[in-house]
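Bear in mind that the values in this text are calculations on the coordinates, not laboratory data. Small disclaimer: the values here were computed from a predicted structure and weren't measured. Please note: Cβ atoms are built from the backbone with ideal geometry, for glycine as well, and neighbour counts cover all protein chains shown.
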Amino acid sequence: MAVNIVIGTQWGDEGKGKVIDVYAGRADVVVRSQGGNNAGHTVVLGEETYKLNLIPSGILHKNALCLIGAGVVINPKTILKEIDELEKRGITCDNLRIDPRAHVVMPWHVELDGLSEKFRGEMDIGTTRRGIGPCYTDKYERSGIRIYDLIHTELFERKAKQSGKLKNKIITAVYEGQALDLNSVIEEYKSYGIRLSKYVGDVSVLIHKAYLEGKNIMFEGAQATLLDIDFGTYPYVTSSHPLSAGVFVGAGAGPKMADDIIGVAKAYTTRVGKGPFPTELFTDIGDYIRVKGGEYGTTTGRARRIGWFDSLIVRHSVRVNGLTKLCINKLDTLCGLKQLMICTAYKKPDGTIIDDFPPVLEELADCEPVYETHEGFDENICQCKSFEQLPASCKRYIDRLESLCDCKIAIIGVGPERTQIIER
Ligand code: IMP
């Protein structure tokens, strides 16, 4: 029996999907605990590529129970589309369960996400515009609609009418937007509720039972540490807690359950959206990595910003998540670069050198990266199966990341396929 958590350590898109899928193959239960369809996992299985936004990647393994916890916000239309597409490709979703406490992303949340971003103008966050923030706002304001409501038609109608009326007022009077046709929204969502009802179950209870039965459980994190609402680069963050602690709150499980908390990082850094990014590359090297690594958003298609590996960020993640292991992904993407840089510290405007990631963005924005230069590599490492097979310069790079991040690097990603990993 093993209970593992997989967490993103940078700004997301670290290739968690592949690591998660490796663990999911060994898991009896796979749990998603926070976020919504702002997340995107790409899993390559043989010739097939699967892009999942809401459904845990365990769904690709026939016998795994896939759970969506109370902390997730669910766009019913999106999840049903995912279910339909998977089933069309011969993958059953009978093992999927959604917690009745999970909140529902309604069309007004999506509308308000776009309108508030537009209103913020230059100060926009660069959200995915999937309604995630407005849905969590309603949750914490205690006016949200939950999956339980959605599957109980009369209750849903009552709550949706009340909420929708207020949202239409905000859309029209505050943002000068177009009111939604509430009757047609309610009818449409009633039909989604009917379809989703067969998947609803108490996720907290299901996890507890599986734990008592000695099953292998994997919690798959969505987004990443620097997108955490408190410990990320606020306000350029998402509205949930993508940290290891958030996993337990969102699933309804106790933290002592975890055996390993595995953080996933890229061998470099990327981010989408706005906000300071000390090691960002504006040169040909950035373009080289972007193209070679296919660094375009799974969910939005946006080109990702690229930078060198920043050890302050990953060390921050090791601390706030209590990571026990690290996975360094996409090492192969750096092939062909003569030199690799690692940010080991920041220099503040007064010349002070710091090695802890600053708590607020205003301080981060003023920091300059201090780099260490390492020899690059030209060899194709995609077929390497063990650490020893890697070129000497690669091994030195990994060893240095391990000592800077103060965490064992247990997994190294050397290619997009599920099999292209080195486990140490
Ligand atoms: P929201 O989650 O759509 O509100 O977006 C807030 C910020 O989080 C934006 O910068 C998004 O680009 C970013 N974000 C949200 N989800 C993900 C993800 O899964 N990967 C990377 N960035 C994300």
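Remarks
- Treating each Cα of the chain as one equal point scatterer and applying the Debye formula with no solvent, the log10 of I(q)/I(0) at q = 0.07, 0.10 Å⁻¹ comes out as -0.33, -0.68.
- Amide H to amide H, with H built 1.01 Å from N, I145 comes under 5 Å of V104, counting only residues 5 or more places away or on other chains.
- Neighbours of V3, meaning other residues whose beta-carbon lies under 13 angstrom from its beta-carbon, give a summed charge of -2 when Lys and Arg score +1 and Asp and Glu score -1.
- C-alpha long axis of helix 182-196 to longest principal axis of the chain, angle in °: 70
- FRET efficiency, 1/(1 + (r/R0)^6) with R0 22 Å, evaluated for T373 and K347 via beta carbons: 0.85
- Cα-derived Rg to Rh of region 369-424, Kirkwood definition: 0.98
- Placing +1 on the Cβ of every Lys and Arg and -1 on the Cβ of every Asp and Glu, with nothing else charged, gives region 265-423 a dipole about its Cα centre of roughly 520 debye.
- Listed residues S116, Q178, A160: farthest to the positive end of the dipole of region 103-196 (Cβ charges): A160
- Residue-averaged [θ]222 nm for the chain, counting only DSSP H segments that reach four residues, each worth -39500 (n - 2.57): -10000 deg cm²/dmol
- Ellipsoid semi-axes in whole angstrom, largest first, where each is sqrt(5λ) of the Cα gyration tensor of region 265-423: 25, 18, 16
- Rounded to the nearest whole Hz, the Karplus-based 3J(HN,Hα) values (6.51 cos²θ - 1.76 cosθ + 1.60, θ = phi - 60°) of region 150-163 follow the sequence 4, 8, 10, 3, 5, 4, 4, 4, 5, 5, 5, 4, 5, 5, with x at glycine and proline.
- Under the simplified labelling scheme, the T419-M257 pair shows an inter-label distance of 3.3 nm, with each label point 7 Å from Cα along Cα→Cβ.
- 13 Å beta-carbon shell around E368, net charge (K/R +1, D/E -1): -3
- With the convex hull drawn around the C-alpha atoms of region 103-196, the volume per residue stands at 88 Å³.
- Hull volume in cubic angstrom per residue (convex hull over the Cα atoms of region 239-299): 138
- Taken along the Cα-to-beta-carbon direction at a fixed 7 Å, the label points for A365 and D406 span 2.9 nm.
- Taking Cα atoms only, the orientation of helix 392-405 departs from the longest principal axis of the chain by about 60 degrees.
- Burial ranking of peptide ranges 394-401, 345-352 (average Cβ count within 10 Å, highest at the top): 394-401, 345-352
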